[in-house]
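Data block below; observations after.
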């Protein structure tokens, strides 16, 4: 048993004095499934930078959502003898325990990790659509947003508006452009990403300035890291149902659009129709202003610039990933997200004289919600022109990649 596993077991024994069987959670070394009193629970080891306040805030926010009748969220249990405290300090780390949510992740490919232990988060493959599950997850997130507003309003709650996120995106873009761009001569995917980023960043800044009130919003607690691996389902094929939404360990005050953008592009490829359905499902349970609706493609594009950079690094630059078994699904996920970024770039930052469209949004001439998908049968967007060969194939990997 590793030291980390031993610490998880010790934490479990503290939470559950009558501890029964324990079982590691696949591809999640920070989690341990345990049995106690005939029920199933999960013990979490929090990241080193997490503190007791973060855990107690998470427990309070999830509790408020449960009070509204939303049961598809984790319920944290208190430390025995220290109620109502939910955070357990042990050997320099914090631990928590929650009731086990039934189901399996909607993604078959989620949870892979790099040799250093970092999670490789990926969208669903195009061959595995799950719009029904995504829309139900949107409703769960919307109810959580609504109930979390009192916590987000506190001056002590950390968070980021889109204005502050934009500043972070600019810094990240400059760093990634230097490092990843050095390999652009070898990989057409990197050149495609560079073209998109160079066009998206300036336009995104202008759009955020034009919607200053919505871009400065910090009115809800955001999940801030939504991926298919966090959506649990039960049942086969068309009968499957959403049983839970997990991964609430990175809560931050912000705009609800941040989570909606992640649901739109982390779960599948960008589609204006799906994005509009996401907005529709959200407004069934929580309000959105026209300005917030118009921010969705901007937020999605900014998110994609950073996420594509992460996947490019893992697919083509990180030598430790050369023969990683996740490479096939990693490249598939990269293809999906890069295509989404190109589509959104065409919509938000078309090149001069470019009349393409069809996958983005146009302003609603009648006002109201402010954004609608372009009409079916309109001009279709094509991916940005590709340089180099038509097929992407990595260069020999025995040394560092060099520019061509």
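The values are calculated or read from the model by the stated rules, or taken from the named source; none is laboratory data. None of these values were measured; they are calculated from a predicted model. Please note: Cβ atoms are built from the backbone with ideal geometry, for glycine as well, and neighbour counts cover all protein chains shown.
Observations on the model:
- Restricting the stretch 81-90 to residues that are out of contact with any strand residue (DSSP E or B) (no Cβ under 7 Å at 6 or more places or on another chain) and surrounded by 12 or more Cβ atoms within 10 Å (Cβ to Cβ) leaves a set whose member that is farthest from residue 59 (Cα to Cα) is 90.
- Odd one out for residue 48 among (1) part of a loop (DSSP other than H, G, I, E, B); (2) in contact with a strand residue (DSSP E or B) (Cβ under 7 Å, 6 or more places away or on another chain); (3) buried (at least 18 other Cβ atoms within 10 Å of the Cβ): (3)
- Test: residue 257 is within 23 Å of residue 44 (Cβ to Cβ) and either touching a residue at least 24 places away in the same chain (Cβ under 8 Å) or assigned to a strand (DSSP E or B) (or both): no
- Scanning the stretch 298-330 for residues that are free of Cβ contacts under 8 Å to residues at least 60 places away in the same chain, assigned to a helix (DSSP H, G or I) and more than 24 Å from residue 174 (Cβ to Cβ) returns 327, 328.
- Within the stretch 122-178, the residues that satisfy the criterion of being outside any helix (DSSP H, G or I), modelled with pLDDT of 95 or more and either closer than 25 Å to residue 205 by Cα or not assigned by TED's automatic domain parsing to the domain that holds residue 197 (or both) are 158, 159, 160, 161.
- Failed item in (1) in a helix (DSSP H, G or I); (2) farther than 23 Å from residue 349 by Cβ; (3) over 20 Å from the mean Cα position of the chain (by Cα), with residue 186 passing the rest: (1)
- Condition met for residue 270 (at pLDDT below 95 and either within 17 Å of the chain's Cα centre (by Cα) or assigned to a loop (DSSP other than H, G, I, E, B) (or both)): yes
- Tally, over the stretch 12-46, of residues that are at pLDDT 95 or above and farther than 16 Å from residue 100 by Cα: 5
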